Amino acid sequence: MQKKFVTNLILLIVLNLLIKPFWIFGIDRTVQNMVGAESYGFYFSLLNFTLLLNMIPDLGITNYNNRNIARHTQLLNKHLANVSGLKIILALVYAFISMIVAFIIGYSAKQISLLVFLILNQIFISFSLYFRSNLTALHLFRTDSILSVLDRTLMILFCGIILFTNITGHTMQIEWFVYVQTFSYLLASIIIFGVVKHYSGHIKLSFHRSFFIIFLRKSYPYAILILLMSLYTRLDSVLIERLLPVSEGKAEAGIYARAYRLLEAVSNFGVLFAGLLLPIFSRMLKKREDIRPMLRFSFLLIIAPAILLAFSSWFFRGEIMDVLYHHHTSQSPLILGLLMFTFISIATTYIFGTLLTAKGTLTQLNILAGGGVMLNLSLNLFLIPKIMAVGAAWAALVTQSAMALSQVILVYYLFRFPPDFKLIFRILFYTIAIFILGVFCSGWQNWLHGYLTMLAGGILLAFGTGLIRLKTLKTILTEQ
């Protein structure tokens, strides 16, 4: 299992390093600079609004399906036909509820017109993720890895034509940016469905009420979890735009979006871990295999880079913002630094939360997530009116830290794992060493040399402290 995890993780990381950075820094950043903070903030707050309700077209189906098909692969054809019909109904419900809520909270006609396409984006993404969950459940990780970057590849192609050719006179409007995303997500979902159909055989779309009821009874706890997690991770930008005066709210949302986009970029690597680990953990638990080696190995593989990225982003936060954006406020570097520290907690939850999901511990996870929503909402309501986007960043850091710690404690309690004080000490030692390295490198006259030296030194420290062992990696990769 470890070899399968590592080899496919390497493929996923390589593909994402080829595609995602170019999308984020080449396309998305260029769009932000071209349309301005206020216009991009207008788009970003609407995007996060659609994400608050995006559990409706899924209702936990993707995660439950991944876990279920990994354990019972013979159900693929039957479930694909029925679940596809169910998701069409849920997509219509999602669109209807989203529009009703948008009218209730007072979105303008311009916001509504853009919101329609952003809602379609979430629907197409939901279908793509569901179709891909069948591939990972079958342990077709390489196929899924290639398809995971398909939508971004298409967007890079189409946006690149607009941005870097003279077709539009090197201009970009935020509406065009959204339209390109819609077309790319639609095309990607059609292609992914074709691939899944190849493995499932002929299917006939079904709308069986009895199947829907039974399936939703099993998947709804996953839906509640997704909703609660969406609330405490996506409320911030919506609240920034709603709690502050109109022009100030849009500008602050745009400032926050610039830093948050970088957090999203690195968080994508955590998603890769979770996508691979959920079916692996599920199958291991069903076979009653010892889960500790895989848990420890995957956690160490992500936590060392997470700590290094967090501290390096903090020490060089101003320089990073200067390079990426033409204009930014004095708040921007601080927001970036705070948000990047949340990646340590996010990385932890992608490992421990995935194990809890694979075990089916949804009640406890939902209770924790509900507490996370209350904590995040309270902090945002208190901090945003006082210190605006910086307050949202502090709220995110506190909330994500609390969620990560609680999930780690829950795993050790449920699985009766003894505390590994030796491992805790090594992580603390590595963290202190990275901090000292950052203090040393941040004082260099050439900041880029200092930044690269810190990254290289952090990688060496990860191996030197034993968090990542070359011998272990070599053994796993060469095992039969």
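The values are calculated or read from the model by the stated rules, or taken from the named source; none is laboratory data. All of these numbers come straight from a predicted model, not from anything done at the bench. So basically every Cβ, Gly included, is an ideal-geometry build from the backbone, and we count neighbours across all protein chains shown. In case anyone asks, the SASA skips ligands and DNA or RNA and just uses the protein heavy atoms, side chains included. Shrake-Rupley method; radii C 1.70, N 1.55, O 1.52, S 1.80 Å.
Please verify whether the stretch 276-295 includes one or more residues that are of a type outside the set (Asp, Glu), open to solvent by 10 Å² or more (accessible area, probe 1.4 Å) and farther than 30 Å from residue 64 by Cβ. There is no residue in the stretch 276-295 that is of a type outside the set (Asp, Glu), open to solvent by 10 Å² or more (accessible area, probe 1.4 Å) and farther than 30 Å from residue 64 by Cβ. Restricting attention to helices (runs of 4 or more DSSP H) lying wholly within the stretch 22-85, give those where 3 or more residues are open to solvent by less than 30 Å² (accessible area, probe 1.4 Å) and closer than 18 Å to residue 234 by Cα. In the stretch 22-85, the matching helices (runs of 4 or more DSSP H) lie at 37-52. Among the residues making up the stretch 191-225, those that are open to solvent by 40 Å² or more (accessible area, probe 1.4 Å), aliphatic (A, V, I, L, M) and closer than 19 Å to residue 86 by Cβ are 205, 213, 214, 216, 224. The criterion of at least 2 residues that are modelled with pLDDT of 90 or more and over 30 Å from residue 243 (Cα atoms) is met, among helices (runs of 4 or more DSSP H) falling completely within the stretch 372-480, by 389-414, 421-441, 447-464. Considering only the stretch 313-353, state which residues are among the hydrophobic types (A, V, I, L, M, F, W, C) and under 19 Å from the mean Cα position of the chain (by Cα). The answer is 335, 336, 338, 339, 340, 341, 343, 344, 346, 347, 351, 352.
Across the stretch 148-179, the number of residues qualifying as open to solvent by less than 20 Å² (accessible area, probe 1.4 Å) and assigned to a helix (DSSP H, G or I) comes to 8. Of all the residues that make up the stretch 411-448, how many are open to solvent by less than 60 Å² (accessible area, probe 1.4 Å) and within 18 Å of residue 294 (Cα to Cα)? Result for the stretch 411-448: 7. Return yes or no: is residue 300 more than 26 Å from residue 148 (Cα to Cα), open to solvent by less than 30 Å² (accessible area, probe 1.4 Å) and in contact (Cβ under 8 Å) with a residue 24 or more places away in the chain? So residue 300 fails the test. Each residue in the stretch 100-124 was checked for being in a helix (DSSP H, G or I) and either among the aromatic types (Phe, Trp, Tyr) or open to solvent by less than 40 Å² (accessible area, probe 1.4 Å) (or both), and 13 pass.
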